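Notes for the one structure printed next.
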Amino acid sequence: MIEFQNVSKSFGDLQVLNKLNMHVNKGEKIALIGPSGSGKTTILRILMTLETINAGHVFIDSDYLWHQKTAKGIIPASEKHLHHMRSNVGMVFQQFNLFPHLDVMNNIVEPQILVKGKDKVNATVQAQKLLALVGLEEKAQHYPHELSGGQQQRVAIARALALEPKIMLFDEVTSALDPELVDEVLNVLRILAEDTDTTMLTVTHEMNFAREFADRVLFFDKGQIVESGSPEDIFTRPKESRTRGFLKKFIRDIV
Ligand code: ADP
Ligand code: MG
């Protein structure tokens, strides 16, 4: 479903990704862990077409993301191709970014009308279903500023799901929350992981959550995948010293 082939990305002189190779299967739930500044957000932003790449190829569902195939060969993607590819991917960010002037219902309905051309009735039915999934049916007529951070993130998740993406990206979605609100958001992700076959990529510092949520954990450092394995492998018998060093900060019983 996702393939990075020798992808490089720099910001000025700073090389963030250096010939990164990464592969995610359809339906896989991946937790991306690693130190701050290691390039995790950049990977998600590339998939969301918010950042360009300098070299290599990215594929989504076997189709070039940043390029397209023509009779003349592989050329940089047109805006039309990017627009089409972008519709495969939904993302929820660390910072709550709901539309402040729309109530909860319309935050979820409007994008379906604008992006997918749905009619209002169908979009509303879909929104009600998703609000039930995230446990916020009774907040449909409220505005974002009337909700807690945890509730806003749950609406943001529902809004992204409403566009029925093949891939969902979650970037530290609980980092800006007060501690007591973290679980209500992680619980929604746990339910999604169990109940849907959407491919999910989650950047998180919540190691217990990563352990339950993920089919596979990628430990990422300095723009490279240092180690990849089952949660069991990564959290109880990490092979690489860099992985052990990182996890020690979170988990006391790592040797
Ligand atoms: P992570 O999410 O793992 O913390 P990021 O992908 O956000 O890491 O960042 C990787 C590196 O790239 C960091 O050193 C960061 O400061 C830098 N960086 C990210 N975005 C930009 C940008 N738009 N301009 C310049 N540097 C950036
Ligand atoms: Mg980040």
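Any read-out appearing in this document is the output of simple, stated calculations on the displayed coordinates, not a laboratory observation. Note that the structure is a prediction, hence the values are computed from the model and not measured. We place every Cβ from the backbone using ideal geometry, glycine too, and count neighbours over all the protein chains shown.
About its Cα centre, how strong a charge dipole does the stretch 145-221 have in debye, to the nearest 20, once Lys and Arg get +1 and Asp and Glu get -1 at the Cβ? Intermediate results must be reported in sequence, preceding the final value.
Values: 6 positive and 15 negative charges, 46 e Å.
Taking the Cα centre of the stretch 145-221 as origin, the dipole is about 220 debye.
Specify the residue with the greatest mean-square fluctuation among Ile74, Ile108, Ile167, computed from a Gaussian network of the chain linking alpha-carbon atoms under 10 Å apart.
So, out of Ile74, Ile108, Ile167, the one fluctuating most is Ile74.
Name the trypsin sites (Lys or Arg not before Pro) in the stretch 82-154 that are in a loop by DSSP and that have at most 11 other C-beta atoms within 10 Å, would you? Walk me through the numbers on the way to the answer.
Values: sites: Arg86, Lys116, Lys118, Lys120, Lys129, Lys139, Arg154; in loops: Lys118.
Here no trypsin sites (Lys or Arg not before Pro) fit, given the DSSP loop and packing criteria.
Of the DSSP beta bridges with both residues in the chain, give the percent that are antiparallel, rounding to the nearest 5.
Details: 23 of 40 bridges.
For the chain, the DSSP antiparallel bridge percentage is about 60.
In terms of the Cα gyration tensor, with a ≥ b ≥ c the square roots of its eigenvalues, is the stretch 1-118 rounded because a/c is under 1.5, prolate because a/b exceeds b/c, or oblate?
On the way: a/c = 1.88, a/b = 1.30, b/c = 1.45.
Note, shape of the stretch 1-118 comes out oblate.
Could you give the size of the charge dipole of the stretch 54-159 about its Cα centre, using +1 on the Cβ of each K and R and -1 on the Cβ of each D and E, expressed in debye and rounded to the nearest 20?
Working: 11 positive and 9 negative charges, 72 e Å.
Charge dipole, the stretch 54-159, about its Cα centre: 340 debye, nearest 20.
Springs between alpha-carbon pairs under 10 angstrom, Gaussian network model over the chain: which of Gly150, Gly117, Gly223 fluctuates most?
The residue with the greatest mean-square fluctuation here is Gly117.
Counting other beta carbons within 10 Å of each residue's own, what order do His101, His67, His83, His205 fall into, fewest first?
On the way: His101 9, His67 18, His83 12, His205 15.
By the 10 Å Cβ count, ascending: His101, His83, His205, His67.
Find out how many positive minus negative residues lie around Met1, taking Lys and Arg as positive, Asp and Glu as negative, among other residues whose Cβ is under 11 Å from that of Met1.
Working: positive: Lys26, Lys166; negative: Glu3, Glu28, Asp61, Asp63, Asp197.
Here the count lands on -3.
Which pairs break 25 Å Cα to Cα here: Lys166/Lys222; Lys40/Lys120; Lys80/Lys166; Lys26/Lys69; Lys80/Lys139; Lys80/Lys118? Please report the intermediate quantities before stating the final value.
Working: Lys166/Lys222 28 Å; Lys40/Lys120 36 Å; Lys80/Lys166 19 Å; Lys26/Lys69 23 Å; Lys80/Lys139 36 Å; Lys80/Lys118 20 Å.
Long pairs (Cα-Cα over 25 Å): Lys166/Lys222; Lys40/Lys120; Lys80/Lys139.
Evaluated at 4 °C with a viscosity of 1.567 mPa s, what Stokes-Einstein diffusion coefficient in µm²/s does the chain have when Rh comes from the Kirkwood expression over alpha-carbon pairs?
Numbers: Rh = 19.1 Å.
Rounded to a whole number, D works out at 68 µm²/s.
If you rank Ser228, Ser62 by fewest surrounding Cβ atoms within 10 Å, what's the result? Before the final figure, lay out the partial values.
On the way: Ser228 16, Ser62 7.
Placing the least packed residue first, the sequence is Ser62, Ser228.
With θ taken as phi - 60° and the coefficients 6.51, -1.76 and 1.60, list the Karplus ³J(HN,Hα) couplings across the stretch 23-36 in order, rounded to whole Hz; mark glycine and proline as x.
9, 10, 7, 4, x, 5, 10, 10, 9, 9, 10, x, x, 4
Kyte-Doolittle cut-off -1.0, length cut-off 24 Å along the helix's own axis using Cα: show which whole DSSP H helices in the chain pass.
Numbers: long enough: 179-195 (25 Å, 0.41).
Span-like helices here: 179-195.
Near the amide H of Val92, under 5 Å away, which other amide H atoms are found, from residues 5 or more places off or on another chain, if H is placed in the peptide plane?
For Val92, the qualifying residues are Leu169, Phe170, Asp171.
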